[in-house]
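These notes concern the structure reproduced below.
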Amino acid sequence: MALPAVLRAQLAALVGERWIKDDPVSLFTYRSDGLTLHEAEPAAIVFPGTTAELSAAVKILAGAGIPFLPRGAGTGLSGGAVPAPGAVLLEMARFREISDVDAVSRTVMVGPGVVNDQLSRHVRSLGLHFVPDPSSQKACTIGGNVGENSGGPHTLKYGVTVNHILGLEVVLPDGEVVELGGRTWDTPGPDLTGLFVGSEGTFGIATRICCRLSPLPEKAITLLAVFDSAEDACRGVSGIIARGIVPAALELMDRVVIGAVEQAYHLGFPPRAGAVLIAEIEGLTEGLDEEAAQVEDILRAQRARETRRARSDEERLLIWKARKQAFGAIGRLAPSYYTQDGVIPRSRLPEVLAKIYAIARRYELTVGNVFHAGDGNLHPLLLYDPRRAEQVQAVLAAGHEILEACLAVGGALSGEHGIGLEKSSMMGSLFNGEDLEAMKRVRAVFNPTEILNPGKIFPSPGKCADAPFIRAKSGIVA
Amino acid sequence: MPENADQAAELLRVRLAEGRPVVLRGAGTRAPEESGEVLSSLKLNRLRFLDPEDMVAGAEAGMTMAAFQHVLREKGMHLPVGPWYPEATLGGAIAANDAGPERLFAGGLRDYLIGIEFVNGAGHKVKAGGKVVKNVTGYDLGRMLIGSRGGLGLITAANFKVLPLPVRPRAVLVRADDATLRTGLFKMLETRVQGDWVQVLFRAGRRELGIGLSGNAARQERVIKDIAAAFSSGIEIVEEETLPAGSPGSGRHSGFLSALLLGEAPPALHIHGVFPTSLLLTPALWETLGMGDPLSVLQPCGGDLHFFSKDTGVEEQERALARLRAALPEREGYLVLERAAAELRWRHHPAIPAPRAFALMRALKKSLDPRGIFRGSFYEAPAL
Ligand SMILES: Cc1cc2nc3c(=O)[nH]c(=O)nc-3n(C[C@H](O)[C@H](O)[C@H](O)COP(=O)(O)OP(=O)(O)OC[C@H]3O[C@@H](n4cnc5c(N)ncnc54)[C@H](O)[C@@H]3O)c2cc1C
C-alpha cells in the first residue's frame, strides 16, 4: 500500500528525500524483524533526524490517519517492529548521540538509535558500563531495549533494562513531546518510566534516554560445567541459588546447541556432553577465587562431570562468543528456527525441559536449548524449513504447547522478547478480561486511537488465534 | 477493613454506587488525605508464598514491611529495600516508592516488584506480572503503581524477587567534618567502592557516615581498604548486628526511622528529596541538612535526602522548605512533602515542583479511576 503522493511529499520536505525510502527492495527488507514467521511490508520507511522532525512526521501521519511505529535495529523476536498493513516505519537509527556522562551520579543521556554495545564501550574508560547485554548487543539499539525491556545473560544479578533506565523523552502519537522520569533515580508519582519500558512501541517513541551506569567488574571468573543431561545442569543451577550465591550469569546450552557451536567455532566443548552450564562470578579480585571454588564444589556435587575455569581473558571471551553467537551457529543446522521465550520458576526447569524435549519429539522437530537458566528464562529453538508448510505448522503448534507447559507451572509467556504479534493470541490464557482491559486503559492514556503500532500485544477480536497457521498453509510464509 | 481482595472489591463497588470516595491507607505513616472514609489494607496481611529456591515471595499488601522481612530472614532471604517507617505496609511502601540507603547498589522497589494485584476504580480485581523473576508479558502495571500514592488503585497483594541475605554484613562508620566526608564520598563514588549501602546522619552539630559491606573475609578486607583510602580520617568497623541504636544503617530491615529517632515519635515535618548524587554533595545543602531536628538523613548513592523538623509551626516549616529549595537546583530533582502541617500541604503540591509528566499522570488517574473513587491529592492541580 503506497503512501498518498501529497503525504509523501510532505514527509520528504520535512526529513529530506534521502531519508524516506519506499522502493521495493527497501520495503521488502523492512517487512519483518528477527521473527521471520510474521511479515508485512510498510508503506514507507522514514528516518527522522531530530525530535522535532519526528514529532512533525508523527503529526502529519496521525493527521492523515496513517498508522506508524518505531523501529530500532529490527532484531526483535516477537514481531514488535513489524508494520500493520499500510503503516509507516519510523527508523530511529539517526538518534545516535551519547552525552552528559556523569561518573559520580552514574548517568548518561543517549539517543535511542545508539547500539547497545557501543554505549558500554563509550563509558568503559571511566570503569563503567550499561549492564543489559542481550546476545544481540552488537546490533540492537537502546531504543529497542527500552521497547522490549530486554534482558541478557548478565541480568540475573543486575536486573533487566528497566532497572537501568531513569528517564525518557518521548514523542506521543499526537506529536506531543513529554519527559518521563529524569536524571534522578526516582521521580515522585507513578513510575511512568518503569511503565513505558517494555511497552513494545505502543505508548510512544523514545527520543532521548537517561541510562544508569554500573561499575565494570574488576575481575570475572567464567566456569564451564559439563553435565550428562540438561536436566542435571538445571539442578546445578538450583543448587547454586539454594546456597545463597547469585552469580552474574548462569547460562545453559544443551547437546544440540553444543554441537552447532562446536561446528561453527571449534572451542573444544565436549562433543558428547548432554549440556554445559556457563557460570560467571564477578566483582572485586579479592575473595573471588574462593567464591568460584564454592560454585565449582556445588556443581560437582550436582553431578557435573567436569568443571573448567577459563584461564585467560581470551578463553573467557571465547566461551561468551559461543554463548552469544549460539543463535547464529544454530542457523547453520536448518534454514530457519523459531525462538521461544517462556519463563518459569527456576526450580521447575528440569521438569519443563523434559516436557519440551517430549513435545519436540512428538512433532518430529529438532529443538536446541540455549537459555538464561538462572532466571528460569527458556529459549527453545525449534528448527524448521520455512518452505515446508507442514513443518511451519508443526513448529507453531509445538511452540504453543511449550508455552502452555510454562504457564502450567506458574510461568509467563515471555521473559524478555515481548508479546508483539507472536504471542498476542495467548494473552487470554494468562490474563482475564479485567486484567487486559486495565492494560488497554493504560495504553489509551498514551495512544488513545491506537494509531501507534496497532495490532500488538492484545488478542484482536474476531481474529483467529492461529492466524499464522492459515498464512503458512496458504504459502505466504516462505 | 476488608479481609481479602474480593471483599475489598465488593466494598469499593458499594462505594461507587453510593458515589462516596474512599481514602486508601496502609499504616498511615504519610500525609493523610484531608477527608473521606478510610479503606485500610491492614487486615490483608497474609504471606502468600515464599520460595527461596526461586528467589520469589508474595504477600498481601497490608503486611508490614518489617513482618515481611522477618519471614524472609528466617529463610535466609531479604528484600534489599528497607522500609522507612517500621509500621509501613507493603502496599504503602509501593504507593510511596520507599527506598533505603541501598538504592545505588541494590536498586529500588521497581527492581524487585514482579507481580501485583489491585482493585481498580471500577471495583474490579486486576492482576499483572506474575511470580517469575523476569517477565515482559503485557504492560507492567505493578511499576505503574509504584509511587501512585493511593490514587490509581487499591493494592491488595504484591510479589517480589528477593535475594539471599548478605554474607556477614558489617558497617564502616566514619566521623569527620563535612568537607572530609564530602570529598571522601566523591572519591568513593569515583573509585567505585563496592559497598552495600551508604547513609549520612546529620544531628545537632554532628555528622556520622555509615557504609555497609558484606562478603567473604578477603573481599571485606579489600572494601575496607578502599574506604579507608577515600577518607583521610579514622574509620571504625562494626558488625551489623551490633550497630549501636541510632547509628547509620540501623533498622535497615525493621524501619530506619524508629531506629534513627531512638524511639521518638516521627517529627511533624518530613521532606524527602530526590536529586542526582553529584548535586547532593554541596556545602550549601549540607549546611541546610544540618538544621534538621532531631536529624536529617542523606543517602547520596542513588540520590535522596530526608529532612525532618519537630517544628509544628506553618511558617517555620515553610522556611525550612524554602531553605532546602534554595540549596538545590530547582529543575534537577524534586522535593516531596511526606509529612507536613495541613496548611503547608494545602499551599503546595506534594511534589515540588510537580513532576514534568504531571499531565500524563492525571490522565492516567482519569482513565483508571474515572469516577474519582480514590481520593488522591497528588493528582489535583498544583497550587501556583
Ligand atoms: C540473535 C539474537 C539474539 C538475541 N538475544 C537477546 C537476548 O539475549 N535478550 C533479549 O532480551 N533479547 C534478545 N534478542 C531480541 C532483540 O535483540 C531485543 O529485543 C532488542 O532489544 C531489540 O532491539 P532492536 O533495536 O532490534 O529493536 P526493534 O526490533 O527494532 O524493536 C523492538 C520493539 O521496540 C520498539 N521500539 C524501537 N525503538 C523504539 C523507541 N525509540 N521508542 C519506543 N519503542 C521503540 C519497536 O516498535 C518494537 O516494538 C535477540 C535477538 C536476536 C536476533
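Name the most mobile residue of B:56, B:132, B:198, meaning the one with the largest mean-square fluctuation, in a Gaussian network model of chain B with Cα contacts below 10 Å. Taking springs between Cα atoms under 10 Å, the residue moving most is B:132. Amide H contacts under 5 Å for residue A:128: A:216, restricted to partners 5 or more places along the chain or on a different chain, H placed in the peptide plane at 1.01 Å from N. Amide hydrogen proximity for residue A:105: with H placed 1.01 Å from N in the peptide plane, the residues at 5 or more positions away or on another chain lying under 5 Å are B:278.
So what's the net charge close to residue B:60: Lys and Arg +1, Asp and Glu -1, counting the other residues with Cβ under 14 Å from its Cβ? Overall, the nearby charge balance is +2. Computed over segment A:219-328, the range of Cα coordinates on each principal axis works out to 37, 29, 19 Å, biggest value leading. When the convex hull of its Cα atoms is viewed from all sides, chain A shows a mean projected area of 22.2 nm².
Of interest is the spacing of the C-alpha centroids, which for segment A:267-297 and segment B:310-384 amounts to 51 Å.
Toward the positive end of the charge dipole of segment B:103-233, with +1 on the Cβ of Lys and Arg and -1 on the Cβ of Asp and Glu, the farthest Cα among B:181, B:123, B:232 is that of B:123. Take residue A:53: with every protein chain present and a 1.4 Å probe, its accessible area is about 40 Å². Backbone phi angles across segment B:229-236, fed through the Karplus curve with coefficients 6.51, -1.76 and 1.60 (θ = phi - 60°), yield HN-Hα couplings of 5, 6, 10, 6, 8, x, 10, 10 Hz in residue order; Gly and Pro are listed as x. Run the paramagnetic zone check for residue A:306: 7 angstrom along Cα to Cβ, then residues of segment A:216-243 with backbone nitrogen under 13 Å. Correct set: A:224-228.
The orientation-averaged projection of the convex hull spanning the C-alpha atoms of segment B:187-240 amounts to 4.1 square nanometres.
I need the shape label for segment B:170-348. Rule: rounded when a/c is under 1.5, else prolate if a/b > b/c, else oblate, with a, b, c from the alpha carbon gyration tensor.
Judged from the Cα gyration tensor, segment B:170-348 comes out prolate (a/c at least 1.5, a/b above b/c).
Around residue B:103, with a cut-off of 9 angstrom between Cβ atoms, what is the net charge of the other residues, counting Lys and Arg +1 and Asp and Glu -1? Charge balance in the 9 Å sphere: -3. In terms of Cα atoms, the Rg and Dmax of the protein assembly as shown work out to 26.5, 80 Å.
For residue A:207, nonlocal amide neighbours, meaning residues 5 or more places apart or on other chains whose placed amide H falls under 5 Å from its own, are A:169, A:170, A:171. For chain B, a Gaussian network of Cα nodes joined below 10 Å ranks B:105, B:202, B:160 by mean-square fluctuation, and the top entry is B:105. How big is the gap, in Å, between the Cα center of segment A:132-157 and the Cα center of segment A:44-76? If we compute the Cα centre of each part, the gap is 23 Å.
Segment A:1-124: Rg/Rh from Cα coordinates, Kirkwood Rh? Result: Rg/Rh = 1.03. Considering segment A:334-408, its Cα convex hull presents a mean projected area of 4.3 nm². Ligands, DNA and RNA left out, the 1.4 Å accessible surface of chain B is 52% carbon and sulfur atoms. Diagonalising the gyration tensor over the Cα atoms of segment A:98-215 and scaling each eigenvalue by 5 before taking the square root yields semi-axes of 21, 16, 13 Å, largest first. For the pair residue B:43 and residue B:238, a Förster radius of 41 Å applied to the C-beta separation gives a FRET efficiency near 0.60, rounded to the nearest 0.05. Pairs with C-alpha atoms separated by more than 19 Å, drawn from the list B:75/B:161; B:43/B:366; B:125/B:365; B:187/B:225, are B:43/B:366. Taken along the Cα-to-beta-carbon direction at a fixed 7 Å, the label points for residue B:13 and residue B:179 span 6.8 nm. The phi-based Karplus calculation (6.51 cos²θ - 1.76 cosθ + 1.60; θ = phi - 60°) puts the 3J(HN,Hα) values of segment A:81-92 at 9, 8, x, 6, x, x, 7, 9, 8, 9, 8, 8 Hz, whole numbers, x for Gly and Pro.
Bridgeable aspartates and glutamates around residue B:310 (alpha carbons under 15 Å apart, same-chain partners fewer than 8 residues away excluded): B:264, B:293, B:318, B:338.
Please work out how much length the chain gains when fully extended from residue A:366 to residue A:2, using 0.36 nm per residue of separation minus the C-alpha to C-alpha distance, in nm with one decimal.
Answer, rounded to one decimal: 127.0 nm.
Interface area, chains B and A: about 6700 Å² of buried accessible surface, summed, with a 1.4 Å probe and ligands, DNA and RNA left out.
Candidates A:453, A:406, A:318 compared by Cα position along the dipole of the protein assembly as shown: farthest toward the positive end lies A:453, with charges placed on Cβ.
From the Cα gyration tensor of chain B, with a ≥ b ≥ c the square roots of its eigenvalues, which class applies: rounded if a/c is under 1.5, or else prolate if a/b is larger than b/c, or else oblate? Oblate, since a/c reaches 1.5 and b/c is not below a/b.
Given a Förster distance of 45 Å, report the FRET efficiency between residue B:203 and residue B:73 from their Cβ-Cβ distance, rounded to the nearest 0.05.
Rounded to the nearest 0.05, the efficiency is 0.95.
Suppose a student asked you for the relative contact order of chain B, using Cα pairs under 8 Å spaced at least 6 residues apart; what percent would you report? Taking the mean separation of contacting Cα pairs over the length of chain B, I get 17 percent.
Computed over the Cα atoms of segment B:1-152, what is the ratio Rg over Rh, Rh following Kirkwood?
Taking Rh as the inverse mean 1/r over Cα pairs, Rg/Rh reads 0.96.
Simple point charges give the picture: +1 on the Cβ of Lys and Arg, -1 on the Cβ of Asp and Glu, and for the protein assembly as shown a dipole about the Cα centre of about 740 debye. Along segment A:360-370 the Karplus relation, 6.51 cos²θ - 1.76 cosθ + 1.60 evaluated at θ = phi - 60°, assigns HN-Hα couplings of 4, 4, 4, 8, 6, 10, 8, 10, x, 10, 9 Hz to successive residues, with x for each Gly and Pro.
Computed over chain B with a Gaussian network model linking Cα atoms closer than 10 Å, the most mobile of B:334, B:85, B:139 is B:139.
The values are calculated or read from the model by the stated rules, or taken from the named source; none is laboratory data. Source: prediction; values computed, not measured. As a convention, Cβ positions derive from the backbone with ideal geometry for all residues, glycine included, and neighbour counts pool all protein chains shown. Protein only, heavy atoms only, side chains kept; ligands, DNA and RNA dropped before computing areas. Shrake-Rupley method; radii C 1.70, N 1.55, O 1.52, S 1.80 Å.
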